[in-house]
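See structure below.
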Amino acid sequence: EKVLMNNSLINRDEASFSFDDRSMYFGDGVYEVIRVYSGYPYKLEMHLQRLQRSAEELDITYSNSQKQSLKSAIQELLSENELVEDGFVYIQVSRGAAVRDHLYERNIEPISFAFTKEMAIPEQTQDEGAVVYLSEDIRWLRCDIKTVNLLGNIMAKRQAADHDCEEAILHRGETVTEGSSSNIFIVKDGHLQTHPADNLILNGITRRVVIDFAEEQGLSVNYTPFTIDEALEADEAFITSTINEVTPIREWRGTRHGTTNIGPITKQLQNMMREDIAKTRNG
Ligand code: PMP
């Protein structure tokens, strides 16, 4: 099993990290998770562009040429690891290593690494729907940056799991923002609604892909934030993410309780995504 360290392939058991890595002290780094279908990465370029944007927003130097060499290194990693089934690639870019100090210097070299893992598509949850846990969004105000600083997300995820829920749906006051590792859409009277891609959510790649599918179908998408009550009263609701694709929400717990039927628009978008993924599988 190989991994990437600064875009070079090395054996996993030979990979090591600096004691002074800032992503360890401060969560000072960015990351991406990219789906792999039958060995082929899905929407690789979009993920790498978002990685670069996340880095830039944090004043981490990440050039186009670093991005390009990462892209080919990922292809090498996938073939080297003979990942021919479904799985994912994880990439992390740390600001770099320096003796612990809140103040970062701009001359330190970023450190990147990546690994692959096999992972089946969670088809059962996609078919039966997920139970979600509504909880207060306690994160910072730059949720548009995909940083490894994920305490607000992971605490909510644990809380959801403790209530036998698959995902936490976060809300700032009454306004629903996104899931702890997904975006959320609702459907009302045939119209889709999702939080605008501002500083309060991560602009998910799957979110963007699903919006494209919806527009192809002539479905309108409203980017007005919606409330918890509106979510509970919606005709349909679903979450989107790289790992879970399009997954309907069937039950809500936490801040409020309720149930939602799995509906035709969710199913249609789910199928469109599956068809698009099938194209990736064929190379
Ligand atoms: N929001 C958050 C907070 C996430 O962690 C994720 C998963 N990366 C998403 C949304 C969904 O993004 P994507 O579709 O790019 O996986």
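The values are calculated or read from the model by the stated rules, or taken from the named source; none is laboratory data. Model, not experiment: these values are computed from the prediction. Please note that ligands, DNA and RNA were not included when accessible areas were found on the heavy atoms of the full protein model with its side chains. Shrake-Rupley method; radii C 1.70, N 1.55, O 1.52, S 1.80 Å.
A few notes on this one:
- Note on the chain: with neighbouring protein chains present and a 1.4 Å probe, carbon and sulfur make up 49 percent of its accessible heavy-atom surface.
- Expected 222 nm ellipticity per residue - DSSP helices of 4 or more, -39500 (n - 2.57), all of the chain, to 500: -9500 deg cm²/dmol
- Shape category assigned to segment 65-167 from the gyration tensor of Cα positions, a/c cut at 1.5: oblate
- Mean Cα-pair separation over length for segment 104-233, i.e. relative contact order, pairs under 8 Å, 6 or more apart, %: 22 percent
- A Stokes-Einstein calculation at 20 °C with viscosity 1.002 mPa s, built on the Kirkwood radius of segment 1-130 over Cα pairs, returns a diffusion coefficient of 137 µm²/s.
- Solvent-accessible surface of the chain, taken per residue with a 1.4 Å probe and all protein chains present: 47 Å².
- Per residue, the Cα convex hull of segment 157-283 amounts to 107 Å³.
- Cα gyration tensor category, rounded, prolate or oblate, for segment 43-93 with a/c compared to 1.5: prolate
- Once the Cα atoms are used to define both axes, helix 264-281 deviates from the longest principal axis of the chain by about 30 degrees.
- Relative contact order of the chain, pairs being alpha-carbon contacts under 8 Å that are 6 or more residues apart, as %: 18 percent
- Coupling constants for segment 125-130 follow from the phi torsions by the Karplus curve (6.51 cos²θ - 1.76 cosθ + 1.60, θ = phi - 60°), and in residue order they are 5, 5, 7, 8, x, 9 Hz; glycine and proline get x.
- Alpha carbon centroid spacing (whole Å) that separates segment 245-283 from segment 104-182: 17 Å
- Intensity falloff of the chain expressed as log10 I(q)/I(0), Debye formula with alpha-carbon point scatterers, at q = 0.10, 0.16, 0.17 Å⁻¹: -0.55, -1.30, -1.40
- Cross-link reach list, lysines versus residue 157, counting only Cα pairs under 26 Å and skipping chain neighbours closer than eight places: 43, 117, 146, 267
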